[in-house]
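Please read the structure below before turning to the comments.
Any read-out appearing in this document is the output of simple, stated calculations on the displayed coordinates, not a laboratory observation. None of these values were measured; they are calculated from a predicted model. Cβ placement follows ideal geometry from the backbone for every residue including glycine, while neighbour counts extend to all protein chains displayed.
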Amino acid sequence: MRMRYQKGSSLVEALVALLILSFVALGTIGLQSNLLRMGSQSRYRLEASMLARNISGMIAVDAPNVGCYALGSTSAIPCTSQEAQAQAATWHDEVMATLPSAVEPSVAVGADRVVTVTLSWKPPKDATTRNLITIIQPPA
């Protein structure tokens with residue numbers, strides 16, 4: 001019996017292997033891209049949480065002057081401390097510098113001394129505005 005030689009079969013096998021390898025590489029690149037995007041979003045959420053915690057700590061330490069920390073809204077409690085107002089203004093500037101495309105932060109102080117902190121930002125290359133709302137009941 002005579003054996004037939006298959007000419008070019010190695011070339012076809014190599015092209016198929018290259019095609020499979022290219023699909024694997026594209027999948028890996030897409031996965032890496034998603035991981036980077038999700039990592040950035042997590043970083044912004046963490047920074048917003050830390051900023052909310054900072055203002056919460058300031059209010060808890062300086063509870064008698066809770067009305068001075070109102071930003072972007074009116075306070076039902078009058079402000080009697082210029083130092084507390086200055087701390088709130090510094091915190092406001094930190095929010096605007098830290099969060100990407102940040103919207104003016106809001107710190108609302110109700111008559112019952114409940115404080116609502118609202119932070120909003122828009123991550124780069126993302127059309128969705130993200131929000132973090134924290135409600136604080138400072139000690140009396």
As computed over the chain, the Cα convex hull volume per residue (Å³): 140 Å³
In degrees, nearest ten, helix 82-98 long axis to first principal axis of the chain (Cα): 10 degrees
Within a Gaussian network of the chain (alpha carbon springs, distance under 10 Å), most fluctuating of S49, S22, S101: S22
Residue order, fewest to most surrounding Cβ atoms within 10 angstrom, among E94, E104: E104, E94
